Each structure stands twice: as structure tokens, then as C-alpha cells.
Amino acid sequence: WFNQRSHSIGTGEVVGILLMMGLALISVLVRDLPLEATQTSFTTAVLLACIPLFGPLVAGVIGLLAAVADRGHGWSIVPVFNGLMIGTQTLLGGAVYVLLGGIHPLGPGYQPFDLVLHVGAPLVAADLVMCLANALILAGMVAITGGNPRAVLAGTVRELLPLYLGYVVIGFVL
């Protein structure tokens, strides 16, 4: 169910995937909003757009590669952790999108109501799952390193939920 297509990837799709990968790379390299304990980027919106266009697996791989390419923390474990976290949360969100009947691959001929019902609504659910997964993974890492996971969980959800809701609108438009 991660790949509902029965055909191979065509040239147009390869170009689209490379374009979205480029957007994801640009977004991790140019942070758009520093918050208290985190930095956010446009990457989530790009990944949300990738889910209906190319499927959860491609979206997850793009998230992983974009985060690993980020050298803002130098050559350390941080980009690897971030890549695995972003890839995992995108796969989870993509799975929810597919389970809720999200259309993949998108094609011509859909009416606006169909797009809202079969792309927009499942994409909102995927987005919320991605936000929660991000918060849970960060809280788990904080717990492993001896911090207070509850505070991180509450703070992360409080900080990121409004951003993620904005990202889903941008991802839907993309």
C-alpha cells in the first residue's frame, strides 16, 4: 500500500522527484524560522506535497536525504538522527494518508471536492501524525539522554502544531 501504482516511474516523475528533492535541500539549508529550542524549515511542506505525488516511500527517502545533507551541525550524528527522524515521520504520515484513502498517484480529471476529500483531508491527518511522531521521537531521545521527555513533548507539540498546520496548506497547494 506504499506504492499504489502498477507502472514504472517515468521521465516526468523522475524530473518531479528531483525538483522536490531540490526544494527539500534548499529548505534544510536555508532555515526560515528559528524557534526557542528548534529550527524549522519548509521541508515538511515539501514532504507533504510528495506524499500524494510520489507516495510515502519516495517522500520518506527525500526527507532522509535532505536532512542528512544538512551540514549545519557539521559532521556529527545530528544529521543522521534528523534524517532518520524525518524519514520515519514522513513514512508514518504517508501510511496514514494511504490508509485514509488518499489518492496516489494524482492524475488529471479530479474535481475540487474530490481533491479536498481524497487529498486534503488525508493530508491533514498525515500532517498531524508527522507532528506527533516528531514530538515523540524527540521526547524519546531526550529521555534516553536523561532529560524531561514530558516537557519536550508538550513544548514541541505546542511550538510545532501551528507550523505543521501551515505546512499542510502549503503542501496541498504544491
Across the stretch 17-29, in residue order, what do the Karplus-derived ³J(HN,Hα) couplings come to in whole Hz, using 6.51 cos²θ - 1.76 cosθ + 1.60 with θ = phi - 60° and x for Gly and Pro?
4, 5, 5, 5, 5, x, 4, 5, 4, 4, 5, 7, 7
Neighbours of ALA49 by Cβ distance under 15 Å: Lys/Arg at +1, Asp/Glu at -1, summed charge -2
Between LEU99 and PHE113, with labels modelled 7 Å along Cα→Cβ, what's the label distance in nm to one decimal, could you check?
2.8 nm
For the stretch 92-174: span of alpha carbons on each principal axis (Å, largest first):
53, 21, 15
Take LEU84 and LEU161, extend 7 Å from each Cα along the Cα→Cβ direction, and tell me the distance between the two endpoints in nm.
2.9 nm
For ARG158, ARG150, give me the order by solvent-accessible area with a 1.4 Å probe, most accessible first, ignoring ligands, DNA and RNA.
ARG150, ARG158
For LEU132, tell me the accessible area in Å² from a 1.4 Å probe, rounded to the nearest 10.
90 Å²
Can you tell me, using C-alpha contacts under 8 Å and at least 6 residues apart, the relative contact order of the stretch 103-174 as a whole percent?
34 percent
Report the label-to-label distance for ILE26 and LEU65 in nanometres (one decimal), using points 7 Å from each Cα along the Cα→Cβ vector.
1.7 nm
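The values are calculated or read from the model by the stated rules, or taken from the named source; none is laboratory data. Just so it is clear, the model here is predicted, and its values are computed rather than measured. Virtual Cβ from ideal backbone geometry, glycine too; neighbours counted across all protein chains shown. Accessible surface is based on the protein model in full, side chains and every heavy atom, while ligands, DNA and RNA are left aside. Shrake-Rupley method; radii C 1.70, N 1.55, O 1.52, S 1.80 Å.
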